[in-house]
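Visitor: Handing you a structure now.
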Amino acid sequence: MHPDLDRQLSDLLRCAQNGDRRAYEVLLREVASLVREFVRHRLGGSALVDDVVQDTLLSIHRARHTYDPARPFGPWMYAIARHRLLDVVDKQRRVREAEVLDCAGVDAIAVATSRDDADPAGFLRRALARLSRNQREVIRMLKLEDRSVAEIAARTGLTISAVKVTAHRGYKKLRELIGSPARA
Amino acid sequence: MHDDELVRSLVADLRPVRRLCRVELRAAAWALLALGCMSVGASVLGLRGDLARKLGDPVYLIESTALLVVFASSAWSGFRLSVPGAEPTRLGKLVPGLAAVGWVLLIVSRGASHSYTAVTAVPALGWSCVWRIVGLAVAPGATMFALLRRAAPDERARTGGLAVLSTSALAALCTQMVCRNDAPAHLLPWHVGPVLIAGLLGLAVGKLLLPRGPGAPGRSA
């Protein structure tokens, strides 16, 4: 990172640590652009680039108190971005991204419960009660409160990838409980 | 989900935070506190009667120095790992492990010249050293974890391992000022063993106790 840019971003974060929202907005937009470039060099045009950028912004928000203005800004920011990149790549090795926000799967669950149960709402409530607290909370915020993944991540302290993984596992568990395969 | 929406959300959530003290200051302050705790602990337990003589023994001094290096380098690396961008250099990451290996080898190399005395044949004495190490390490260890939790450690396992290794090394050093038995056959299972096991357990403790992901949010002013 160019020393002038580093100094500028360092000043912006120092102001943001004191509560300056204007400085913070400028900083985050610049950081998003730098991190996107950094991640694209490593992931190419992958759909994961957005996840890493947003996870990095969230991490910077939560760890902003750790930045020491006496140190350069670049190493601090890129250290966070590097770890978020590793987190996302690691999670993708374990989960298929195509199934994560499986709206069709959720609709199939709704149809199956309405067809097979006299009290479908009660049946669904009982099925949801059998999910883990995190899974239940994430699905409730996604489907009932219509919140975005990023909003849920900010509220729960999970990374964006973790929210998607949690939702995916929740839907999978619901399908098993209800005994109805998801539609393609 | 567009970046703009997230940026707006984060800006709206912005509150002033109390900046973390410099890594060097945090590490130094904690080290002083730990040394203070150990001094008090050693006084309470009672220093060995021949300590003044042992401090003139080069072998004893070298082994104690190795333990001090394990304590200091592990603490330094642990605190630095807890702050993004302040991670120790590659050499810095190796020093704690190398110092620990050096300490073990120093004791093992003395093995041939010492005999296993009747005193060390009594298991109770050996276990008392283990409890001393554990007991002496608790307060400084808890303090270090509290300090690390306030930072943003991404490598939780390694940070936790270094924290526990540091406190247990210092506790072992303090125990060596209390325990009169310097025989390698006593030190290896009852002093070295607990330190190394604690360091390994620290990896799991770090994952359990240190905040997941980006770290705990900073305090508001």
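The values are calculated or read from the model by the stated rules, or taken from the named source; none is laboratory data. Computed from a predicted structure; not experimentally measured. Cβ: placed from backbone, ideal geometry, glycine included. Neighbour counts: every protein chain shown. Remember, those area values only see protein heavy atoms, side chains included, never the ligands or the DNA or RNA. Shrake-Rupley method; radii C 1.70, N 1.55, O 1.52, S 1.80 Å.
Visitor: Rounded to the nearest 500, what is the protein assembly as shown's calculated 222 nm mean residue ellipticity when only DSSP H runs of at least 4 contribute -39500 (n - 2.57) each, over all residues? Show your work: numbers first, answer last.
Guide: Details: 18 runs with 282 residues, N = 405.
Estimated from H runs of four or more residues: -23000 deg cm²/dmol.
Visitor: Treating the beta-carbon of each Lys and Arg as +1 and of each Asp and Glu as -1, no other charges, what is the dipole magnitude of the protein assembly as shown about its Cα centre, to the nearest 20 debye? Please list the in-between numbers first.
Guide: Values: 55 positive and 37 negative charges, 117 e Å.
Around 560 debye, computed over the protein assembly as shown.
Visitor: Would you list, by chain and number, the lysines whose Cα falls below 18 Å from the Cα of residue A:173, excluding same-chain residues fewer than 8 positions away?
Guide: The reachable lysines, counting only those whose Cα sits under 18 Å from residue A:173, are A:143, A:164.
Visitor: Counting C-alpha atoms alone, how compact is the range B:21-160: give Rg to one decimal and Dmax as a whole number, in angstrom.
Guide: 17.3, 53
Visitor: Using the heavy atoms of the protein chains alone and a 1.4 angstrom probe, what is the accessible area of the range B:39-91 per residue in square angstrom? Could the numbers behind the result be given before it?
Guide: On the way: 2530 Å² over 53 residues.
Per-residue value: 48 Å².
Visitor: Sticking with this structure for a sec: Sort A:73, A:38 by accessible area with a 1.4 Å probe, largest first.
Guide: From most exposed to least exposed: A:38, A:73.
Visitor: Pick from B:128, B:82, B:74: which is most flexible by mean-square fluctuation in a GNM of chain B where alpha carbon atoms under 10 Å apart are linked?
Guide: B:128
Visitor: Please compute, for peptide B:79-86, the average count of beta-carbon atoms on other protein chains lying within 10 Å of each residue's beta-carbon. Intermediate results must be reported in sequence, preceding the final value.
Guide: On the way: counts 0, 0, 0, 1, 7, 14, 14, 6.
If you average over the peptide's residues, the count of other-chain Cβ atoms is 5.
Visitor: Given a 1.4 Å probe and no ligands, DNA or RNA in the count, how much accessible surface is buried by A and B, both sides, to the nearest 100 Å²?
Guide: On the way: alone 10740 and 12070 Å², together 19520 Å².
When A and B are taken together, about 3300 Å² of accessible area is lost.
Visitor: What is the extension gain from residue B:89 to residue B:105, computed as 0.36 nm multiplied by their sequence separation minus the C-alpha to C-alpha distance, in nm to one decimal?
Guide: On the way: separation 16, 0.36 × 16 = 5.76 nm, distance 2.48 nm.
Extra length from residue B:89 to residue B:105 when fully extended: 3.3 nm.
Visitor: Continuing with this model, one more query. Could you state the angle between the C-alpha long axis of helix B:123-150 and the longest principal axis of the C-alpha atoms of chain B, as a value from 0 to 90 degrees rounded to the nearest 10?
Guide: 20
Visitor: Per residue of A:12-22, what is the mean number of Cβ atoms on other protein chains within 10 angstrom of that residue's Cβ?
Guide: Details: counts 0, 0, 1, 0, 5, 8, 5, 6, 2, 6, 1.
That average works out to 3.
Visitor: Now a separate question. Would you tell me the mean number of C-beta atoms belonging to other protein chains that fall within 10 Å of each C-beta in A:71-84, as a whole number? Before the final figure, lay out the partial values.
Guide: Numbers: counts 5, 1, 1, 1, 4, 5, 2, 2, 7, 6, 1, 3, 6, 3.
For peptide A:71-84, the averaged partner shielding equals 3.
Visitor: Which angle from 0 to 90°, rounded to the nearest 10, does the C-alpha axis of helix B:58-81 make with the longest principal axis of chain B?
Guide: Roughly 10 degrees between the two axes.
Visitor: For chain B, find the longest principal axis of its Cα atoms and tell me its angle to the long axis of helix B:3-12, 0 to 90°, nearest 10.
Guide: That works out to roughly 80 degrees.
Visitor: So if R0 is 22 Å, what FRET efficiency would residue A:125 and residue A:172 give, r being the distance between their Cβ atoms, rounded to the nearest 0.05?
Guide: Working: r = 19 Å, r/R0 = 0.84.
After rounding to 0.05, the efficiency reads 0.75.
Visitor: Another question about this same structure. Please list A:144-155, B:164-175 highest first by mean number of surrounding beta-carbon atoms within 10 Å per residue. Present the calculation step by step, with values, prior to reporting the outcome.
Guide: Working: A:144-155: 17.4, B:164-175: 28.9.
My ranking of the peptides, most packed first, is B:164-175, A:144-155.
Visitor: Could you please tell me the mean projected area of the C-alpha convex hull for the protein assembly as shown, averaged over all directions and given in square nanometres to one decimal?
Guide: On the way: hull surface 102.2 nm².
Projected area, direction-averaged: 25.5 nm².
Visitor: Another question, if that's okay. Which of B:167, B:92, B:38 sits farthest toward the positive end of the charge dipole of chain B, with +1 on the Cβ of Lys and Arg and -1 on the Cβ of Asp and Glu?
Guide: Highest projection toward the positive end goes to B:38.
Visitor: Within the accessible area of the protein assembly as shown, what % is carbon and sulfur when the probe is 1.4 Å and the other protein chains stay in place?
Guide: Values: 11710 of 19520 Å².
Here it works out to 60 percent.
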